[in-house]
Structure formats: structure tokens, C-alpha cells
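Okay, structure first, notes after.
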């Protein structure tokens with residue numbers, strides 16, 4: 001049964017963690033403390049895998065469904081694509097933060113000395 005925004009919004013914490021599933025691999029894990037985590041389960045060659053996609057309400061149902069569709073478009077290993085995206089964001093953040101330091105350290109004279 002497909003998930004609805006109403007069902008996700010009205011899901012309440014219980015004594016134990018439980019899941020609401022859409023039937024296509026997307027699940028919402030509701031923890032006893034009330035937190036709600038999006039999980040995407042898929043099969044990779046030889047094993048079942050799980051990709052954590054974020055929390056509700058930070059990631060609404062519509063965004064989680066589009067993220068699931070995007071993950072499926074990557075083929076057999078959507079987690080690898082997610083790691084690549086995260087790594088490239090981190091590299092851009094580091095470069096932006098330390099750009100002036102890097103440019104001050106890497107000058108034409110230091111490049112000529114290193115060769």
C-alpha cells in the first residue's frame with residue numbers, strides 16, 4: 001500500500017520501533033523516542049542493502065519518493081552514488097572554506113620549487 005502524507009504525519013511512537021512501507025522499498029522507521037527515519041531497501045547482487053535517506057519532517061514524503069526514484073536510476077548501487085554526491089559536497093565546502101589559505105600556500109614560486 002502506498003504511503004500517504006497523512007499516514008506519515010499521524011504515525012506515533014510505540015513501545016518498540018516499527019515501519020511503514022510503501023511496497024517499493026521505501027520505509028519510514030518510527031523509533032520509540034518519536035523520531036522518524038526514511039530508509040530505502042534494495043537488492044544489490046548477492047545481498048540486500050539499505051540506504052538511509054534522512055528524517056521526517058526535514059525530508060517530506062514527496063522528497064523521499066523522488067530521492068528513491070533518483071536512487072533507482074543509478075542502477076545496482078545507489079549507495080555508491082549517494083556517497084559520491086556527499087563526498088563532492090564536502091570537497092566543495094572544504095575548498096570554499098580554505099581557498100584563500102590554499103591559494104596563499106600554492107604560489108608560482110612554491111610550484112617551481114617543488115619540480
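The values are calculated or read from the model by the stated rules, or taken from the named source; none is laboratory data. In this text the structure is predicted, and so the values were computed from the model without any measurement. Every residue, glycine among them, receives a Cβ derived from its backbone with ideal geometry; neighbour counts consider all protein chains shown.
What to note about this one:
- In the range 1-24, the residues that are touching a helix residue (DSSP H, G or I) at 6+ places or on another chain (Cβ under 7 Å) and either within 15 Å of residue 54 (Cα to Cα) or without any contact (Cβ under 8 Å) to a residue 40 or more places away in the chain (or both): 8, 20
- Failed item, numbered, when residue 16 is tested on (1) crowded, with 17+ Cβ neighbours inside 10 Å; (2) modelled with pLDDT of 85 or more: (1)
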